[in-house]
Amino acid sequence: MTHLSKATVAGGALLAAAALLAAGPAQAVPGGTRGADYLYLTVTKGESQSGDARGAILLCDPPEGYSRAAEACAELAAAGGDIARITPAKDAMCPMVYAPVTVQARGQWNGRPIEYRETFSNSCQMAARTGPVFALDD
């Protein structure tokens, strides 16, 4: 295999990985979780989904997917799975710095499809508003 063809193969592998990520949670969630509560979560720097992104699958029975999964599942349970209904932190003191982050959640909660997307002015505002749900790098 020549050097050029190795680069072509590597590029093809990257495109395939990107296509799998873009396909959504139905393809990304293990088969044993059908009927369970799960969310495919992404946090992207910037105002669009094309920036620097992190992602995780949050499972809640038992909680797993990232370090704060148990806390995230408890917050979601208290809000009936509706991220917009999570009680904002009252004591948050966030800087007035514009460094936008866009979050997205897709999946299901109690058999209902969940689709949530919002752009926050910075990561502090995101954490104050969504608690541990999008705390993927803690």
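What is the set of long-range amide H partners of CYS60 at a cut-off below 5 Å, with H atoms built 1.01 Å from backbone N?
Under 5 Å from the amide H of CYS60 lie the amide H atoms of ASP37, each far enough along the sequence or on another chain.
Scan around ILE114 for amide H atoms under 5 Å from its own, H built in the peptide plane at 1.01 Å from N, and keep only partners 5 or more places away or cross-chain.
For ILE114, the qualifying residues are GLY107, GLN108, TRP109.
Within the set of other residues whose C-beta is less than 12 Å from the C-beta of ALA77, count the net charge using Lys and Arg as +1 and Asp and Glu as -1. Provide the component values of the computation, followed by the final result.
On the way: positive: ARG85; negative: ASP37, ASP61, GLU71, GLU75, ASP82.
So the environment of ALA77 carries a net charge of -4.
Rank-order 75-87, 120-132 by packing density, defined as the average count of other C-beta atoms within 10 Å over each peptide's residues, highest first. Present the calculation step by step, with values, prior to reporting the outcome.
Values: 75-87: 15.1, 120-132: 19.5.
Result, highest mean first: 120-132, 75-87.
Could you derive backbone 3J(HN,Hα) for segment 96-105 from the dihedral phi with the Karplus parameters 6.51, -1.76 and 1.60 (θ = phi - 60°), listing whole Hz in sequence and x where the residue is Gly or Pro?
8, 10, 8, 9, x, 10, 10, 10, 9, 10
Which whole-Hz couplings ³J(HN,Hα) result when phi for each residue of segment 122-134 is put into the Karplus expression 6.51 cos²θ - 1.76 cosθ + 1.60, θ = phi - 60°, listed in order with x for Gly and Pro?
6, 5, 5, 4, 4, 5, 5, 8, 10, x, x, 4, 9
Taken together, the values in this text are just the output of simple stated rules run on the coordinates, not laboratory data. The structure displayed is predicted, hence computed values, not measured ones. Methodologically, a virtual Cβ is constructed for each residue, glycine included, from the backbone with ideal geometry; neighbour enumeration extends over all protein chains shown.
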